[in-house]
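Let me begin by presenting the structure, written as C-alpha cells, before commenting on it.
The values are calculated or read from the model by the stated rules, or taken from the named source; none is laboratory data. This structure is a prediction, so every number in the text was calculated from the model and none was measured. Accessible surface is based on the protein model in full, side chains and every heavy atom, while ligands, DNA and RNA are left aside. Shrake-Rupley method; radii C 1.70, N 1.55, O 1.52, S 1.80 Å.
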Amino acid sequence: MLGKKKKAARGSDDRVLLQNSVKTLVANIRFASVDNPVSVIAVTSSIPSEGKSTISLALAQALAASGKSVLLGYCDLCRRDVDGHRLPRFAAP
C-alpha cells in the first residue's frame with residue numbers, strides 16, 4: 001500500500017534515535033571547538049539513571065569510528081560496580 005510504513009522493532013527505533021542524537025552531539029562538539037579542539041569530555045550528573053554511561057559509551061564509539069583516539073574512564077562514586085559487576089574494594093596505599 002502506498003503511504004504505509006513497515007513497523008520496525010522498538011529496540012531498533014531506539015538504537016537509530018540514539019545513533020542520530022550522538023552524531024548530532026559529535027557535530028556540535030566539533031563545530032563549537034574549531035579553533036581549540038576538545039581533548040576532554042566529562043559526562044556528569046547528580047541524579048542516578050539518567051543515561052550517562054549510555055551516552056558516554058555511544059559518544060566514545062562515535063568518536064573512535066571517526067578516527068579519533070579515545071580513552072573512556074568510568075567512575076561512580078556512589079556504587080562500586082560497572083554494568084552490574086561488583087568491583088573489589090582496594091585499600092588506600
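Kindly establish whether VAL40 is open to solvent by 90 Å² or more (accessible area, probe 1.4 Å), in a loop (DSSP other than H, G, I, E, B), at pLDDT below 90 and more than 24 Å from ARG15 (Cα to Cα). No. Within the set ASP14, ASP35, ASP76, the sole residue that is modelled with pLDDT of 60 or more and open to solvent by 100 Å² or more (accessible area, probe 1.4 Å) turns out to be ASP35.
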